[in-house]
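The values are calculated or read from the model by the stated rules, or taken from the named source; none is laboratory data. Because the structure is a prediction, the values reported are computed rather than measured. Here Cβ is always computed from backbone atoms with ideal geometry, including for glycine, and neighbour counts include all displayed protein chains.
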Amino acid sequence: MLGRVGNLALLVCQNGPQLQQQCGMATLKAISIRLKSVKNIQKITQSMKMVSAAKYSRAERDLKQARPVGEGAKMFYERAEVEPLAEKPQKLYIAITSDRGLCGAVHTNICRQIRTILNGPDAENIKIVCVGDKSKAILQRTFGKHIILSVNDIGRLPPTFADASRLAAAILQSGYEFSSGKIFYNRFKSVVSYATTDLPVFSLATIQAAPKLSIYDSLDDEVIQSYLEFSLAALLYYTLKESACSEQSSRMTAMDNASKNAGEMIDKLTLTFNRTRQAVITRELIEIISGASAL
Amino acid sequence: MAAVRSISRLLSQRSVSQIVRRGYADEMSFTFAAGNQVFYESASVRQVDVPSFSGAFGILPKHVPTLAVLKPGVITVTENDGSIKKVFVSSGTVTINEDSSVQVIAEEAATLDQLDLAAAKETLSSALSQMNSAQSEKEKAEAAIAVEVAETIVKSIE
């Protein structure tokens, strides 16, 4: 905002030659103010990059530990070939984001996927759980009535299993009886890439209707219920870790780009600043010389 | 190009199914992960003994598929060379699938030498006092769980 005003002043000055002397000084001042602010911004983005690089390396280390947890928890759903029930369409979508922005499109991607689904058919049977303030902020205005639960204070500290189990408990106690659902999260691939994916979650009734459940031995409802509750927590833990890692890596890239852009801007501004300064000096000289020769 | 790709896909699918079949024959793919640490990842082991709410049981390769919920206790893993590893778990799940893959997911786990007897006893006494001072049913239940975990830790170290 400030920068744009500075630019405008520059343009105005160039258009009005009669105001040049006074304006030349003003422009010089405006440019130097702007240069200073861009330099400060670059310092901020650089240090944010450093911070997120440190956080990222920790998140990646944690993620390596968390991956088998997630893989193991989702293995049963795959092996038992659980499918969503057609006659019970209630669905629950869980958006895993965080409270913090300035990290590229990680949060927007999650919300975009959910928005596309909610704009499609059958949207009235879908409820959303927002994990992190960002998804809530994006989805609340248009799809406020679909949100049944939102959680914040995500992303300040690395997620723990206790966080995930509290979240799972809150979802199970929300009173919404879903038959199937999805957890939307950003799956971390490498420092420069992540993929927005989803993991399925199911309710007791859906599991019981699974065709291959009969091959599992000695199951009663209580065991499956506790199993599902725990595996929901495990899945949430895994997705929180994945998302945290993608977020930090994405923030690192975003801040790196921001620093680079700021650097370019600083170069350009310095050039303009020096040119303007030179022009002011030259003009002052001309004025003095022509003033002296007129005498 | 497309033909080549489809052939290569076919080939890779076959090799996958072969691996799975071989896995089903005589060994299990054992994954044991906790929130804080990964102990085994698709490893081949001889036997795993787990404590569950429906009673402790041992898992050998080709165990019948089942699900179980872990209760606080010690998981004993017998590796292929006969060495035994004991790990304490607080809670979690066991999944045994048709293809003889076993997943143990625990909330938190620690090998027995990582546990400290004095600290465990301290936790036990504080959990007991918490249980006695608990007001609501929920608090009481939470404290009872804490007592159970602490008791099992003390017992398993001793």
Checklist outcome for this item: Expected output for segment A:43-60 (first residue assigned to a helix (DSSP H, G or I), partner acidic (Asp, Glu), Cβ below 6 Å, 6+ apart or cross-chain) is A:49/A:256
Checklist entry - Taking segment B:53-67 as the search range and keeping residues that are crowded, with 17+ Cβ neighbours inside 10 Å and at pLDDT below 90, which one is farthest from the other protein chains (Cβ to nearest Cβ)? => result B:61
Checklist entry - Where in segment A:126-234 are the helices (runs of 4 or more DSSP H), entirely inside, with at least 3 residues that are closer than 23 Å to residue B:38 by Cα? => result A:161-172
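Test residue A:37 against the criterion of being modelled with pLDDT of 95 or more, more than 14 Å from residue A:269 (Cβ to Cβ) and out of contact with any Cys (no Cβ under 6 Å at 6 or more places or on another chain), and give yes or no.
Details: modelled with pLDDT of 95 or more: yes; more than 14 Å from residue A:269 (Cβ to Cβ): no; out of contact with any Cys (no Cβ under 6 Å at 6 or more places or on another chain): yes.
Judged against the criteria, residue A:37 is not a match.
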Checklist outcome for this item: When segment A:72-114 is checked residue by residue, the ones that are within 14 Å of chain B (Cβ to nearest Cβ) and in contact (Cβ under 8 Å) with a residue 40 or more places away in the chain are A:72, A:73, A:74, A:76, A:77, A:79, A:80, A:81, A:82
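Every residue, every condition in (1) farther than 26 Å from residue A:223 by Cβ; (2) out of contact with any helix residue (DSSP H, G or I) (no Cβ under 8 Å at 6 or more places or on another chain); (3) at pLDDT below 90; (4) away from chain A (no Cβ under 14 Å), yes or no:
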| position | (1), (2), (3), (4) |
| --- | --- |
| B:1 | yes, yes, yes, yes |
| B:21 | yes, yes, yes, yes |
| B:37 | no, no, yes, no |
| B:48 | no, yes, no, no |
| B:76 | no, yes, no, yes |
| B:82 | yes, yes, yes, yes |
Checklist entry - Inside segment B:100-137, can you point out the residues that are in a loop (DSSP other than H, G, I, E, B) and surrounded by fewer than 16 Cβ atoms within 10 Å (Cβ to Cβ)? => result B:115, B:116, B:134, B:135, B:136
Checklist entry - Within the group A:258, A:254, A:244, which residue is within 30 Å of residue A:204 (Cβ to Cβ) and either in contact (Cβ under 8 Å) with a residue 24 or more places away in the chain or among the polar types (S, T, N, Q) (or both)? => result A:244
